[in-house]
Amino acid sequence: MATESTLTRLFEPRSIALIGASDRSNWSHRIVDGLRVIGYEGDVHYVNPKGGEAHGRSLFRSAADIPEAPDLAFVMVPAKAVLDAMRDVARAGITSAIVLSSGFAELGDEGRRAQQELQSLAAEHGITVLGPNALGYVNTDAKVALKPFPPGEPLRSGSIGVVSQSGNVTVQLLNMARSFDIGVSLAVSTGNEMDVRIADVVDFLVDHEPTRVITIFTEAFPEPHAFLAACRRAREAGKLVVCLKAGRSEAAARAALAHTGSLVGNDAVIDAFLRSAGVVRVSSLEELLVVADTFAHTGPIDGAMALLTISGGTCDIVADAAEDIGLELAELTGETVTELKQVLPELAAAQNPLDVTGAAVTDATLMARALAVVARDPGVGIVLVAQEMDHQAENLAWGREALEQLSTEASAAECPAILANTTVRYVNERVREIRAAAGAPAVFGGVSRILPAIAAITEWTARDMSPGADDVRVQTGAVTAPREGTWSEATSRALLESAGVPVVPATVAASPSAAEEAAAAWGGPIALKVVSDDIVHKSDIGGVALDIATADVEEAATALLERVRTAAPDASVEGVLVTPMREPGVDLLVGVVREAEWGQVLAVGLGGVWAEVFGDVQRIALPASPAQFETALRRLRAWPLLDGVRGTEPVDITALVEVLGRVAALATSLGDELAAVEINPLRARGTQIEALDAAVVWNG
């Protein structure tokens with residue numbers, strides 16, 4: 001089992017044994033060269049059972065021949081030789097190993113058997129293993145590079161941790177980091193995760209002082225609860241976790257199965273749990289690093305954004321993009337505007353976004369002075385400066401002075417201030433040196449990518465992380481129906497009522513004449529629905545009749561039952577559910593489902609058929625707080641309907657949130673017995689919130 005001490009030995013080894021070292025191995029050359037370039041200061045021992053020399057040094061035929069057991073073995077031999085190599089590692093007393101070799105669980109049953117044998121061997125001898133099928137790691141702080149890098153720019157030390165199941169994706173992320181001057185602390189490829197898993201590495205990075213933000217690429221989560229716990233620890237420590245989870249599509253899920261030997265879960269449910277653990281989810285490798293690099297420079301962002309540039313066109317682009325993604329632009333105070341007018345050229349408009357005009361090209365201090373004023377505005381949470389001064393600094397004295405002035409003001413600013421190129425630009429060695437000398441807060445991505453990153457970090461900063469009450473229990477003993485299969489609406493209603501969920505009044509009538517008698521007690525229009533545990537989608541077979549006059553109920557009920565008998569002759573029918581019609585309102589779908597290995601998720605969205613047509617559904621991992629339920633409601637595209645669009649009566653959100661909480665409490669009380677509960681629709685009209693239809697599905 002991976003622990004902090006065993007992972008420290010794995011990721012910060014004082015000595016290393018390269019098992020399978022050979023002058024004929026490209027892997028061997030790359031690992032040796034990587035250790036040389038990064039400046040590894042520990043002892044490196046070369047091991048090959050054939051003996052002889054490699055890389056200008058004598059080879060040990062066995063790891064056990066090394067006078068003092070190294071902290072770590074890097075195993076780079078063919079898959080069929082791995083077990084013998086690991087037995088040699090065990091005899092040598094080495095307790096940490098990286099297995100580069102592929103050919104294990106990712107290849108099917110035979111590979112899984114080989115991996116199980118390897119796992120048993122490692123467990124027997126207390127060896128912590130990264131892999132198999134893992135490309136190793138790079139630790140810039142400890143100066144350890146055990147990853148086969150292609151030639152290229154050096155990797156800059158920084159505060160971004162990288163964890164990836166895919167070795168190639170790790171390499172591509174590091175190549176991107178090298179090309180665009182992004183600093184990395186520790187980058188790990190976990191491979192098949194036989195022993196050390198993503199959750200273990202994330203947990204290690206939470207306590208890893210150089211790391212400020214953790215990026216993850218994964219195709220599956222072998223231990224979801226451990227992973228979520230590590231992410232919550234990261235959030236508590238003020239470290240952002242950014243995740244690119246592949247496998248949303250059917251094709252991607254098949255690819256993930258072939259690649260890692262792991263199954264991919266329900267993506268929507270996983271997304272809800274990631275959000276509950278404080279994870280920011282992205283959809284591309286570029287976005288993964290842009291969000292991480294932005295956070296590495298800004299930390300949490302509490303407030304609206306201000307933009308400084310020398311381009312009116314850029315101002316327009318940013319204003320449009322901010323509106324599209326819901327990123328708030330700060331409204332500058334009168335005091336800020338007055339101060340800016342004293343700094344800016346006469347033709348410049350003191351507003352946000354702020355075009356300081358081309359005068360900044362002749363006055364190297366102008367942008368910095370404007371930044372100092374804007375950053376003091378109490379409504380500004382971050383200042384983005386879109387200007388290529390770092391690249392202009394390569395050839396122009398003005399550019400160097402402007403960059404130095406801006407960097408000085410940014411470091412002293414009362415809120416985060418970052419420098420971005422208008423578009424994505426490659427960063428050459430000279431620009432890197434200039435940036436480093438000035439301490440420039442330069443962020444990768446170009447404004448079109450950085451704006452969504454700022455929006456994501458701002459949302460993460462404000463996200464309610466208060467834990468929901470998981471000890472609330474609903475007493476459901478009065479509902480004695482067997483907890484198996486699918487319950488009819490009539491039985492489901494009783495369960496909802498036991499949890500305090502308001503439901504529309506109803507009576508189960510065994511016959512059409514009894515239905516008419518029940519309807520007479522209410523008067524007004526009536527709704528009729530077939531009652532049967534065998535029929536879930538009642539309207540699909542004509543099992544629903546709406547807006548029926550009281551005098552017509554018996555006839556309508558007779559016709560309804562005849563339609564049901566024709567469409568579903570084998571269904572067992574108890575009778576007809578008689579309810580009063582309700583005034584129109586906002587119909588919502590509210591349901592709870594359980595995903596294996598993850599837990600329960602509550603979904604809320606437009607009800608009726610609209611949930612399927614528009615896909616406007618928010619999902620909240622349970623348990624959840626009232627604030628998290630309200631945030632989910634506000635994130636719906638249908639929120640204006642709840643908020644009283646165009647003079648309609650707004651829904652009592654406090655009352656609606658309370659109902660969601662009661663549904664959630666019912667689901668958590670039922671626990672593993674419950675497969676799903678669904679209310680569709682839950683009608684909301686002002687202060688009246690009622691379930692009009694419901695179904696419960698049991699695991700039994």
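The values are calculated or read from the model by the stated rules, or taken from the named source; none is laboratory data. Please read all numbers here as calculations on a predicted model, not as lab measurements. With ideal geometry, Cβ positions are generated from the backbone for all residues, glycine too; neighbour counts draw on all protein chains shown.
For Gly591, indicate whether it is assigned by TED's automatic domain parsing to the domain that holds Leu656 and surrounded by 15 or more Cβ atoms within 10 Å (Cβ to Cβ). Steps first, answer last, please.
Details: assigned by TED's automatic domain parsing to the domain that holds Leu656: yes; surrounded by 15 or more Cβ atoms within 10 Å (Cβ to Cβ): yes.
In short, yes.
Which one of Ala64, Ala69 is more than 22 Å from Val171 (Cα to Cα) and either hydroxyl-bearing (Ser, Thr, Tyr) or assigned to a loop (DSSP other than H, G, I, E, B) (or both)? So that I can check it myself, show each step before the final result.
Numbers: Ala64 fails: either hydroxyl-bearing (Ser, Thr, Tyr) or assigned to a loop (DSSP other than H, G, I, E, B) (or both).
Result: Ala69 is the single residue among Ala64, Ala69 that is more than 22 Å from Val171 (Cα to Cα) and either hydroxyl-bearing (Ser, Thr, Tyr) or assigned to a loop (DSSP other than H, G, I, E, B) (or both).
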Filter the range 158-176 down to the residues that are of a type in the set (Gly, Ala, Ser) and modelled with pLDDT of 95 or more, then identify the one that is nearest to Thr140 (Cα to Cα). Gly158
Where a residue in the range 428-448 is in contact (Cβ under 8 Å) with a residue 12 or more places away in the chain and closer than 13 Å to Glu388 by Cα and its partner, wherever it lies, is outside any helix (DSSP H, G or I) and among the hydroxyl-bearing types (Ser, Thr, Tyr), with Cβ under 6 Å and at least six apart: Gly446/Thr423; Val447/Thr422
What residue, among those in the range 175-194 that are of a type in the set (A, V, I, L, M) and not in a loop (DSSP other than H, G, I, E, B), is surrounded by the most Cβ atoms within 10 Å (Cβ to Cβ)? Val188
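Return yes when Asn133 is part of a loop (DSSP other than H, G, I, E, B) and either touching a Leu at 6+ places or on another chain (Cβ under 9 Å) or at pLDDT 95 or above (or both) and no when it is not. Walk me through how you get there before you give the answer.
Working: part of a loop (DSSP other than H, G, I, E, B): yes; either touching a Leu at 6+ places or on another chain (Cβ under 9 Å) or at pLDDT 95 or above (or both): yes.
Yes, satisfied.
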Selection over the range 530-569 where residues are among the aliphatic types (A, V, I, L, M), outside any strand (DSSP E or B) and over 43 Å from the mean Cα position of the chain (by Cα) yields a count of 11
Residues being modelled with pLDDT of 95 or more, over 14 Å from Thr336 (Cα atoms) and in a loop (DSSP other than H, G, I, E, B): count how many of those fall in the range 372-387. 0
Selection from the range 105-121 of residues that are crowded, with 20+ Cβ neighbours inside 10 Å and modelled with pLDDT of 95 or more: Gln115, Leu118
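If you go through the range 276-284 one residue at a time, do you hit one that is under 30 Å from Ala199 (Cβ atoms), part of a helix (DSSP H, G or I) and in contact with a strand residue (DSSP E or B) (Cβ under 7 Å, 6 or more places away or on another chain)?
Of all residues in the range 276-284, those under 30 Å from Ala199 (Cβ atoms) come to 276-284.
With the extra rule that they be part of a helix (DSSP H, G or I), the set shrinks to 276.
Add one more test, that the residue is in contact with a strand residue (DSSP E or B) (Cβ under 7 Å, 6 or more places away or on another chain), and what stays is 276.
Scanning the range 276-284 turns up at least one residue that is under 30 Å from Ala199 (Cβ atoms), part of a helix (DSSP H, G or I) and in contact with a strand residue (DSSP E or B) (Cβ under 7 Å, 6 or more places away or on another chain).
Please go through the range 409-424 and give me each residue that is farther than 10 Å from Leu371 by Cα and either surrounded by 15 or more Cβ atoms within 10 Å (Cβ to Cβ) or in contact with an Asp or Glu (Cβ under 7 Å, 6 or more places away or on another chain) (or both), ordered by number.
Initially, the range 409-424 is screened for residues farther than 10 Å from Leu371 by Cα, giving 411-412, 414-416, 418-424.
Answer for the range 409-424, where residues must be farther than 10 Å from Leu371 by Cα and either surrounded by 15 or more Cβ atoms within 10 Å (Cβ to Cβ) or in contact with an Asp or Glu (Cβ under 7 Å, 6 or more places away or on another chain) (or both): Cys415, Pro416, Ile418, Leu419, Ala420, Asn421, Thr422, Val424.
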Residue satisfying condition, being assigned by TED's automatic domain parsing to the domain that holds Val184 and at pLDDT below 95, within set Glu250, Glu287, Glu236: Glu250
